[in-house]
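Engineer: To start, I am sharing the structure in question, which I have written as structure tokens.
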Amino acid sequence: MTGIFWGECGDYFGEAGRLRREEIQTRRDGSLRMHGRSTTVGYNVPTPGYVAYLQRTLEPAVDLGVSAVFLEEPEYWADAGWSASFREAWARRYGEPWRPPDSSVDAQYQASRLKYELYADALRDVIRHLKQRAAARGQSLECHVPTHSLLNYAHWRIVSPESRLMDLPEADGYVAQVWTGTARTPNVYRGNRRERTFETAFLEYGQTLAMVRPTGRKVWFLADPIEDNPDRSWADYRRNYERTVAASLFWPEQFRFEVLPWPSRIFQGAYPEVDLEQKTGRRVGIPADYASEILTVFNALNDMRQDRVAWDAGSRGIGILVSDTMMFQRADPAPSDEDLSSFYGLALPLLKAGIPVEPIQLETVSTPGALDRCHTLLLTYEGQKPLRSAYHDRLAAWVRGGGGLVYVGDGSDPYDAVRAWWNAAGTQPAGPADDLFARLGAASGEHAAAQPVGQGWVRILHERPRSLARRTEGPEIVLEAVASVLAPRGMPLRTQGYLKLQRGPYVTLAVLDETAAPEALELPGAYVDLFDPSLGVVQDPRFEPGACGLLLDLAAIDDRAPRVLAAAARVRTVQVEPKRLACVTRGPSGSRCRMRIRLPAAPTQATIAPEAPLRSAWHAPWQTLLLEFDNRGADVAVSVDWP
């Protein structure tokens, strides 16, 4: 894995002892977009020379026989666009002189679209070169792009190719870089701006999955046990890690995970031991309990490819359309809402009502089957625009076939006037919603009720999503609009105060707060709490509003065969004999391994090799054995015998 937009490229950017300022992303005042506090590493403009440099630099990896290359984070800042190389790219792409991106909404939109295409082209050229080189050597090679979600990039005012990469046959998929650092970005709900880590992560993971779902390509979900900010406390990291892990598991078709990007900064790093408001300045290594917890989660994630899936949630089959153009309206002269409320003003009311709303990528709607998961869609063109008219043809056909569409917007977005297909390159006073309504044959005036379109229904809500996010009654307005297109089709809108999903024996849950009447959730039955480093067996656990959980349902394991249920280590080569279970574990030295094992009878003996102190405890009601020993950073052979 290597960065695609920045890196220690001294042999390129430092040639002749000077920094290539003309190839670094530049702001209006002439300042360079440098990476962090570096004075030598900048956010690069993907010029032809830089692309050729990346191709040459990565060739040795292909020659050594790597099976996959990950080209990380193609990022272009929205407030950049003044460098000499960008001006040249503008002239080549548009056939006209460069315009300052902040000179008009059209200039900003076109500048962002150019940034989007430049990195898509750069990735295409690098990946194509590497794959051709591998093929010439008789090797197969996969190429993936680790990237933040569209929602996060738009929120942070960064432009990236995102779903555009799925147009490239050379690209094999993504790593969804969603973690505490992105998901804790504050948003607004009922006028309250604050962190909502679980809800934001849920939507970020869903959006990244939406880019690949219609294409069948791969995606990994990342959850980092800490974050880039080194001044958070271990307790803060732990709380938010649990929320991101839980959010990632609510997408049951997804079973690939990147469990941690930098092991050394987690297991060898030092961070504040208390929360920021109580900060003493003392930094310590990872607490033993947290180390055991994340190792348990890692091992559980390796078992998430489960066929049995059962939801306990509000109405399913409701989606919200998002477009890559969400990134094109994020800088001067008229940046869209700083809190991204054009999206969260529609998504959070549903999610907070226990409805697992699914982001649907607008750029994929023409792909066969892309809308099959949904019976109802929400759409706004506040803060985003449709890149192609074909999207409207597909949406209109989908509605006429029985779908329900809620459109929210009042037509006041200044970016409606950019030169685009819906207004004949800026020569007509029309917005993209006008074109959609015309294709639907829907009355576009202000209507208080849903209207039939073919076998489907359309509700046009003349409200600004950003305004709904700031109003106390905003969520109820959104829910009523959705209910109005469900009712004529005989579907009630179901809401509840929690989300729960069972994947095989694993139960993921989130009890929602900020609801009208928050209530705790009690689960009947016996479970192993995988967020509890002691791996205790809990009976009828109770979860308060705002809590998330990851549990192993003991009753959901069909047979009583001996098996390792959970472990704070990686478990391999499990062998079960008539009276013995043996396996090999491996975990980082300095951490504690706890294993819970199901057995047909109380054990007569448990051993580990190399020999070391071993603690064991038998839980008779569910016939499970708890073993506890130190991980070694090497293989440990575990053996258990029973009568």
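The values are calculated or read from the model by the stated rules, or taken from the named source; none is laboratory data. Keep in mind that this is a model prediction, so the values were computed, not measured. Note that each Cβ is placed from the backbone with ideal geometry, even for glycine, and that neighbours are counted across all protein chains shown.
Engineer: Restricting to segment 561-600, what's the tally of residues that are under 19 Å from residue 527 (Cα atoms) and out of contact with any Leu (no Cβ under 9 Å at 6 or more places or on another chain)?
Structural biologist: The qualifying residues number 2.
Engineer: Those residues that are more than 20 Å from residue 246 (Cβ to Cβ) and among the small types (Gly, Ala, Ser), I need them from segment 313-324; list them, please. Reasoning before the result, please.
Structural biologist: First, the residues of segment 313-324 that are more than 20 Å from residue 246 (Cβ to Cβ): 315, 317-324.
315, 317, 319, 323 - these are the residues of segment 313-324 that are more than 20 Å from residue 246 (Cβ to Cβ) and among the small types (Gly, Ala, Ser).
Engineer: Considering only residues of segment 52-81 that are touching a residue at least 24 places away in the same chain (Cβ under 8 Å), farther than 26 Å from residue 222 by Cβ and in a helix (DSSP H, G or I), which is nearest to the chain's Cα centre (by Cα)?
Structural biologist: Once the filter is applied, the top-ranked residue is 55.
Engineer: When the residues of segment 218-237 are filtered to those that are hydrophobic (A, V, I, L, M, F, W, C) and not in a strand (DSSP E or B), which remaining residue is nearest to residue 272 (Cα to Cα)? Break it down into steps so the answer makes sense when it comes.
Structural biologist: Filtering segment 218-237 down to residues hydrophobic (A, V, I, L, M, F, W, C) leaves 219-223, 226, 234-235.
When the remaining residues are screened for being not in a strand (DSSP E or B), the result is 223, 226, 234-235.
Values: 223: 20, 226: 12, 234: 7, 235: 9 Å.
This residue is 234.
Engineer: Right, another one. Would you check which residues across segment 421-453 are under 17 Å from residue 380 (Cα atoms) and either touching a residue at least 60 places away in the same chain (Cβ under 8 Å) or among the aromatic types (Phe, Trp, Tyr) (or both) and list them?
Structural biologist: 422, 437
Engineer: Return yes when residue 328 is hydrophobic (A, V, I, L, M, F, W, C) and under 25 Å from residue 167 (Cβ atoms) and no when it is not. Spell out the reasoning first.
Structural biologist: Numbers: hydrophobic (A, V, I, L, M, F, W, C): yes; under 25 Å from residue 167 (Cβ atoms): yes.
Spelling it out, residue 328 is indeed hydrophobic (A, V, I, L, M, F, W, C) and under 25 Å from residue 167 (Cβ atoms).
Engineer: Additional query: Would you check which residues across segment 343-365 are closer than 26 Å to residue 517 by Cα and not in a loop (DSSP other than H, G, I, E, B) and list them? Talk me through it step by step, then tell me what you get.
Structural biologist: Here is the first cut: in segment 343-365, the residues closer than 26 Å to residue 517 by Cα are 343-358.
343, 344, 345, 346, 347, 348, 349, 350, 351, 358 - these are the residues of segment 343-365 that are closer than 26 Å to residue 517 by Cα and not in a loop (DSSP other than H, G, I, E, B).
Engineer: Sticking with this one: When you go through (1) touching a Phe, Trp or Tyr at 6+ places or on another chain (Cβ under 7 Å); (2) on the phi > 0 side of the Ramachandran plot one by one for residue 402, which number turns out not to apply?
Structural biologist: Result: residue 402 passes all but (1).
Engineer: Residues of segment 159-170 being outside any helix (DSSP H, G or I) and either at pLDDT 95 or above or aromatic (Phe, Trp, Tyr) (or both), which ones?
Structural biologist: Going through segment 159-170, the residues outside any helix (DSSP H, G or I) turn out to be 159-161, 168-170.
Result: 159, 160, 161.
Engineer: Which is modelled with pLDDT of 95 or more and in contact with a strand residue (DSSP E or B) (Cβ under 6 Å, 6 or more places away or on another chain), of 513, 529? Break it down stepwise before answering.
Structural biologist: Values: 513 fails: in contact with a strand residue (DSSP E or B) (Cβ under 6 Å, 6 or more places away or on another chain).
None of the other options fit; the residue is 529.
Engineer: A further question follows. So, in segment 447-494, how many residues would count as being part of a loop (DSSP other than H, G, I, E, B) and surrounded by 18 or more Cβ atoms within 10 Å (Cβ to Cβ)? Steps first, answer last, please.
Structural biologist: Pass one, segment 447-494, residues part of a loop (DSSP other than H, G, I, E, B): 447-450, 454-455, 462-464, 470-473, 490-494.
Filter again for surrounded by 18 or more Cβ atoms within 10 Å (Cβ to Cβ), leaving 450, 463-464, 470, 493.
Total meeting the criteria: 5.
Engineer: So which pairs qualify, if the first residue must be in segment 617-638 and over 23 Å from residue 577 (Cβ atoms) and modelled with pLDDT of 95 or more, the second must be crowded, with 17+ Cβ neighbours inside 10 Å and of a type in the set (Ser, Thr, Tyr), the Cβ gap must be under 7 Å, and the two must be at least 6 apart or on different chains?
Structural biologist: 631/591
Engineer: Tell me, which residue of segment 280-312 that is charged (D, E, K, R) and farther than 21 Å from residue 242 by Cβ is modelled with the lowest pLDDT? Before you say what the answer is, go through the steps one by one.
Structural biologist: We begin by selecting, within segment 280-312, every residue charged (D, E, K, R); these are 282-283, 289, 293, 303, 305, 307-308, 312.
If we keep only those that are farther than 21 Å from residue 242 by Cβ too, we end up with 282-283, 305, 307-308.
Values: 282: 87, 283: 92, 305: 97, 307: 94, 308: 96.
Here the answer is 282.
Here's the yes/no breakdown for (1) touching a residue at least 40 places away in the same chain (Cβ under 8 Å); (2) aliphatic (A, V, I, L, M); (3) crowded, with 24+ Cβ neighbours inside 10 Å; (4) over 30 Å from residue 464 (Cβ atoms):
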position	(1), (2), (3), (4)
141	yes, yes, no, yes
157	yes, no, no, no
160	yes, no, yes, no
170	yes, no, no, yes
178	yes, yes, yes, no
185	no, no, no, no
223	yes, yes, yes, yes
233	yes, no, no, yes
246	yes, yes, yes, yes
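Engineer: Would you check if there is a residue in segment 41-62 being modelled with pLDDT under 95, on the phi > 0 side of the Ramachandran plot and either loosely packed, with under 15 Cβ neighbours inside 10 Å or assigned by TED's automatic domain parsing to the domain that holds residue 13 (or both)?
Structural biologist: Within segment 41-62, none of the residues are modelled with pLDDT under 95, on the phi > 0 side of the Ramachandran plot and either loosely packed, with under 15 Cβ neighbours inside 10 Å or assigned by TED's automatic domain parsing to the domain that holds residue 13 (or both).
Engineer: In the set 594, 580, 563, 586, which member is in contact (Cβ under 8 Å) with a residue 12 or more places away in the chain, charged (D, E, K, R), closer than 30 Å to residue 308 by Cα and out of contact with any Asp or Glu (no Cβ under 7 Å at 6 or more places or on another chain)? First the steps, then the outcome.
Structural biologist: Details: 594 fails: out of contact with any Asp or Glu (no Cβ under 7 Å at 6 or more places or on another chain); 580 fails: out of contact with any Asp or Glu (no Cβ under 7 Å at 6 or more places or on another chain); 586 fails: out of contact with any Asp or Glu (no Cβ under 7 Å at 6 or more places or on another chain).
Only one candidate qualifies: 563.
Engineer: I'd like to verify a number: residues in segment 432-446 that are touching an Asp or Glu at 6+ places or on another chain (Cβ under 8 Å), at pLDDT below 95 and surrounded by 17 or more Cβ atoms within 10 Å (Cβ to Cβ), how many?
Structural biologist: The total comes to 0.
Engineer: Return the residues of segment 503-554 that are free of Cβ contacts under 8 Å to residues at least 12 places away in the same chain and of a type outside the set (A, V, I, L, M, F, W, C); say none if nothing qualifies.
Structural biologist: Here is the first cut: in segment 503-554, the residues free of Cβ contacts under 8 Å to residues at least 12 places away in the same chain are 516, 536.
Result: 536, single match.
Engineer: Next up: Touching a His at 6+ places or on another chain (Cβ under 8 Å), closer than 22 Å to residue 386 by Cα and not acidic (Asp, Glu): does that describe residue 149?
Structural biologist: no
Engineer: Additional query: Take the residues in segment 285-331 that are touching a Gly at 6+ places or on another chain (Cβ under 7 Å) and among the aliphatic types (A, V, I, L, M), then tell me which one is surrounded by the most Cβ atoms within 10 Å (Cβ to Cβ).
Structural biologist: Checking each candidate, the answer is 295.
Engineer: Then there's this: Answer yes if at least one residue in segment 408-417 is over 13 Å from residue 346 (Cβ atoms) and β-branched (Val, Ile, Thr), and no otherwise. Give the steps one after another, and end with the answer.
Structural biologist: Step one: list which residues in segment 408-417 are over 13 Å from residue 346 (Cβ atoms), which gives 410-417.
When the remaining residues are screened for being β-branched (Val, Ile, Thr), the result is none.
No, segment 408-417 contains no residue that is over 13 Å from residue 346 (Cβ atoms) and β-branched (Val, Ile, Thr).
Engineer: Could you tell me which of the residues 30, 3 is touching a residue at least 60 places away in the same chain (Cβ under 8 Å) and either charged (D, E, K, R) or not assigned by TED's automatic domain parsing to the domain that holds residue 325 (or both)?
Structural biologist: Details: 30 fails: touching a residue at least 60 places away in the same chain (Cβ under 8 Å).
It is 3.
Engineer: Scan segment 395-417 and give yes if some residue there is surrounded by 16 or more Cβ atoms within 10 Å (Cβ to Cβ), in a helix (DSSP H, G or I) and in contact with an Asp or Glu (Cβ under 8 Å, 6 or more places away or on another chain), otherwise no.
Structural biologist: Yes, segment 395-417 has at least one match.
Engineer: Would it be correct to say that residue 534 is of a type in the set (Gly, Ala, Ser), at pLDDT below 95, over 17 Å from residue 302 (Cβ atoms) and not assigned by TED's automatic domain parsing to the domain that holds residue 351?
Structural biologist: No.
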